[in-house]
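**Q** One structure is given below, represented as structure tokens, and several questions about it will come after.
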């Protein structure tokens with residue numbers, strides 16, 4: 001490391017418990033998916049809904065986050081987040097949820113299923129992502145081998161158990177594989 005530089009924690013102890021993944025929103029807040037902190041089978045996670053998404057802010061601009069807002073709670077096994085404007089796309093198998101802050105307070109008042117993944121297997125590797133591609137499309141993968149049926153952008157309907165990389169426009173619509 002160069003002289004004069006230092007590494008220090010940006011998130012104080014206790015501000016985040018059991019972080020899974022994070023992304024930056026357009027206001028510079030760190031959006032963190034938090035696990036419920038338990039090692040249950042996936043089916044139990046999807047019943048208990050202990051997972052949440054929090055937004056962290058550095059209100060005094062000292063480089064250390066000091067404010068925590070729960071953007072969304074009572075989520076199934078959340079494993080991914082992508083910030084898109086005032087919305088968050090959150091991968092929580094079997095779905096990708098679109099969570100939207102409609103009044104600017106940091107809390108996501110509106111929830112809708114953005115992608116219905118249809119299956120959840122025991123190891124919860126059904127869904128990974130989402131990520132924003134350089135082409136402006138949203139990408140994610142289906143990693144497990146549960147059978148799913150999806151209508152595709154090319155007019156076909158695909159039913160199979162194979163792993164896939166999917167993409168879709170951020171505003172929704174049919175998918176490509």
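Bear in mind that the values in this text are calculations on the coordinates, not laboratory data. This structure is a prediction, so every number in the text was calculated from the model and none was measured. All Cβ positions, glycine included, derive from the backbone under ideal geometry; neighbour counts span all protein chains shown.
**Q** Could you tell me the relative contact order of the chain? Use alpha-carbon pairs under 8 Å, at least six residues apart, and round to a whole percent. Write down the numbers at each step before the final one.
**A** Details: 422 pairs, mean separation 23.8, N = 177.
Computed over the chain, the figure is 13 percent.
**Q** Please sort 85-95, 167-177, 28-38 by packing, taking for each peptide the average over its residues of neighbouring beta carbons within 10 angstrom, highest first.
**A** Values: 85-95: 22.8, 167-177: 14.7, 28-38: 18.2.
Averaged packing, sorted descending, gives the order 85-95, 28-38, 167-177.
**Q** Can you quote the Å³ per residue value for the convex hull of the Cα atoms in region 23-94, rounded to an integer? Show your work: numbers first, answer last.
**A** Values: hull volume 6.0 nm³, N = 72.
Convex hull of Cα atoms, per residue: 84 Å³.
**Q** Can you tell me the alpha carbon radius of gyration of region 54-104 divided by the globular rule-of-thumb value 2.2 N^0.38 Å?
**A** Working: Rg = 12.6 Å, N = 51, 2.2 N^0.38 = 9.8 Å.
The value comes to 1.28.
**Q** Can you give me the orientation-averaged projected area of the convex hull built on the Cα atoms of region 113-177, in nm²? Each step should come with its number before you reach the end.
**A** Details: hull surface 16.9 nm².
Averaged projected hull area, Cα only: 4.2 nm².
**Q** Right, something else. Take peptides 5-11, 110-116 and line them up by average Cβ neighbours within 10 Å, highest first, as a rough protection proxy.
**A** Numbers: 5-11: 9.0, 110-116: 14.7.
Per-residue mean Cβ counts within 10 Å order the peptides as 110-116, 5-11.
**Q** Please work out the C-alpha center-to-center distance from region 121-177 to region 48-81 and express it in whole Å.
**A** First find each Cα centre; the distance between them is then 26 Å.
**Q** At 0.36 nm per residue, and after removing the present C-alpha to C-alpha distance, how many nm does the segment from residue 131 to residue 73 gain when stretched out fully?
**A** Values: separation 58, 0.36 × 58 = 20.88 nm, distance 2.13 nm.
Once the chain is fully extended between residue 131 and residue 73, it gains 18.8 nm.
**Q** Once Rh is set to the Kirkwood radius over Cα pairs, what Stokes-Einstein translational diffusion coefficient, in µm²/s, holds for region 19-168 at a temperature of 20 °C and a viscosity of 1.002 mPa s?
**A** 133 µm²/s
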